[in-house]
1. If I go through the range 537-589 residue by residue, how many of them are buried (at least 19 other Cβ atoms within 10 Å of the Cβ), over 22 Å from Pro514 (Cα atoms) and charged (D, E, K, R)?
2. Check the range 687-697 and report whether any residue there is small (Gly, Ala, Ser), under 23 Å from Ala404 (Cβ atoms) and either at pLDDT 95 or above or surrounded by fewer than 18 Cβ atoms within 10 Å (Cβ to Cβ) (or both).
3. Here is a check on your reading of the model: is Arg647 of a type in the set (Lys, Arg) and surrounded by fewer than 22 Cβ atoms within 10 Å (Cβ to Cβ)?
4. I'm trying to understand the selection: among the residues of the range 171-187, which are hydrophobic (A, V, I, L, M, F, W, C) and in contact with a Pro (Cβ under 9 Å, 6 or more places away or on another chain)?
5. Can you tell me which residues in the range 553-599 are assigned to a helix (DSSP H, G or I) and at pLDDT 95 or above?
6. Can we say Ala136 is touching a Pro at 6+ places or on another chain (Cβ under 9 Å), in a helix (DSSP H, G or I) and surrounded by fewer than 23 Cβ atoms within 10 Å (Cβ to Cβ)?
7. Those residues that are free of Cβ contacts under 8 Å to residues at least 24 places away in the same chain and polar (S, T, N, Q), I need them from the range 246-290; list them, please.
Amino acid sequence: MLVEAFGARAVASVHCRPSHETLNRMSIGFLTAIASLAAGGLAAAETPIDRRALVARHHPVVERVDPDASLTVGNGRFAFTADATGLQTFADHYYRHGVPTETLARWAWHSEPNPRGFTLADASRPYTEADGRAVAYPTDGNGEAGQWLRRNPHDLPLGQIAFETDEALEPDDIQKIRQTLSLWGGIIDSRFSLGRHEVHVTTSVHPDLDLVAVRVRSWLVRRGRLRVRLAFPRGYDLAVKNTPALDWSAPGEHRTEVERRADRRVDLLRAVDDARHHVSVAWGGSAELRETAPHRFTLVGGEEPTLHFVVGFAREKLPERLPSADETFGASASSWPGFWRSGAAVDFAGSTDPRASELERRLVLSQYLTAVQVGGDFPPQESGLTCSTWYGKHHTEMMWWHTAHFALWGRPERLAHQLDWYVQRLPVARQIARERGLRGARWPKMVGPEGRESPGGNPLIVWNQPHPIALAELLYRADPSPATLARWRDLVLETADGLASMLHLDRGRYVLGPPLWIAQEIHDQRTSQNPSFELSYWRTGLRTAQAWRERLGLTRSPEWDDALARLSPLPVKDGRYVALESHPDTFDDVASRHDHPTMLAPLGLLPGEGVDGATMERTLDAVLATWDWDTKIWGWDYPMIAMTAARLGRPETAVEILLRDGPNNRYLPNGHCPQRSDEAAVKDAVPGARKREIAAYLPANGAVLSAAALMIAGWDGAPTTHPGIPKDGRWTIRAEGLRPLP
């Protein structure tokens, strides 16, 4: 039984067609695991993890109006976030003080009119490449053209569903709150009292339709003493880049038309400039939907003490028959257990280290949040479907953090669905490469669904370039088949050709940049050359792409082999890796010791080709001792540093950093990890409010899942089981389905 249980976690995750060396390593790893079991370090999974009990331990429970505890239900394409009433009754309060309550879909976009026909050429400036060529990059984000191109297209909020009474409701009006989000069923159960009356609200989203379902039980709904308001904003306040407010200021600049009225159903057409989508409201019983003002409808109850309804959103008209609220609850309750039973699970029950329970909570909630918000046909924005950041656009440098964990946690199909967008946008990447004198594909950084890049510093960022290769490799490790190779062949090979052509030969070695903007976004773009993380990622990407050529039966690319042989080494100063060769004072210059310490990533996120372990250990110690942990270190930095510590054989450091308290590493009751919170000065803040610049930050959730996979499942050639967790007798670990990193 022990062999069977261990094999399900370790042997099944080994790369296809293992060599004799790999088989020997597997045998050694198995014997090490047996020794660890004997020492009490790993609980034998003699019976499967009780996944329902594991998930239920972390159902969010809310007992007050808490803006840090807004709760989301969704299906990956569409999400609805609720306050303590189960609706969006106190949306302004939550927006001003915590995580907003909004309704978003990844397909809903709007563009302002462009009467002057702005193009990227209007926001471009010339830069001198390392080989002397002048190349135009659209880096002027502040001019009129740059501002329009950055803002458009932007995501479009769909609507707000809230309770209303004859008098304006205030947060203090509701008492005796008991609200629970069932992660296992994707259903919010909200109970509270309003005056002398109890109110019970059930809220969920359909797994297959972009539709929210609500049931309200209370004597107050009889004859409309407690009503439901459905209101439509024009969009967002586009003067605010991150976490903007809904724009209710211009009712004459958008349209909400009743297309059809039927028995207990109203179909609406929403129009904002050229953007169109449809909304359908259907209800049961003797309730009535009244149009009470422009863009505002009120659902008023009849004689029953129950109000139940659904609101569906779609680009095209919704089906003639919509599921009822009860049918939607049933569909959600049937769908979510399949998610939790698939893929991986990690159970720390029985651990005596007080950090174990918090880590388990973060892992469970992060799986849920990424599942409800990462699943559309266009990859996510950094705030997912909770609120808007950077005008809703996808940042391609975040793609690894957003999606790698899906493959590592045994749900590769979710990663593949997101990576499909990159395959579809290969023509865009090819065109960018041609315009810059490159081969293959050159990926834009900040994009809307059409793939057009956005002006600013963005076009000079390069660490997004190898991501498609790394992610395709994770998919191959999950399914090493000819079908996988065929599906991602062009994406991998053309991306690698772009990588190779971005290098320049200088005095016998290949250099990267200038111009470029490294992941640590604080250095001069016109002079930056040979950043350590990017150099290492180029090496890993080209080596992986050569392996793909061999798997496909192709000869190795001589150009790629030449680049690998003569690529510049990682820059070192005073025995430590530094951010970049052209500015080696990373640890001497106070201004350089903030933002992402990505000189650690070559051994951690990446497998460490060409990395000297002793040098990297000194680098880690220098970061721990000198880095500015309170200014702009981001939510994914903590997991990234933990991954380096784990690969260096320092599990206690890995756990400490992963769970270290910091302004951008605090996970709220709902599982979100807001950025630049609390004391941070935010220029966009509403006066008198405690507002986060980025109220929800999914790269942190994805990063903690990927770091945990490495710390528990290890990596190719890891010396022991769960190498990133201390073996001090205080951790009891049961894991199923996790895959190691390369």
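The values are calculated or read from the model by the stated rules, or taken from the named source; none is laboratory data. None of the values given here were measured: they were computed from a predicted structure. When we count neighbours, we look across all protein chains shown, and the Cβ atoms used for this are built from the backbone with ideal geometry, even at glycine.
1. 1
2. Yes: the range 687-697 contains one or more residues that are small (Gly, Ala, Ser), under 23 Å from Ala404 (Cβ atoms) and either at pLDDT 95 or above or surrounded by fewer than 18 Cβ atoms within 10 Å (Cβ to Cβ) (or both).
3. Judged against the criteria, Arg647 is not a match.
4. The answer is Leu181, Leu183, Trp184.
5. Matches in the range 553-599: Pro558, Glu559, Trp560, Asp561, Asp562, Ala563, Leu564, Ala565, Arg566, Thr598, Met599.
6. no
7. The answer is Ser249, Ser286.
To keep it simple, each residue is scored yes or no on (1) touching a Pro at 6+ places or on another chain (Cβ under 7 Å); (2) part of a helix (DSSP H, G or I).
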{"site": "Ala371", "(1), (2)": "no, yes"}
{"site": "Gly376", "(1), (2)": "no, no"}
{"site": "Gln381", "(1), (2)": "no, no"}
{"site": "Gly384", "(1), (2)": "no, no"}
{"site": "Trp401", "(1), (2)": "yes, yes"}
{"site": "His417", "(1), (2)": "no, yes"}
{"site": "Arg442", "(1), (2)": "no, no"}
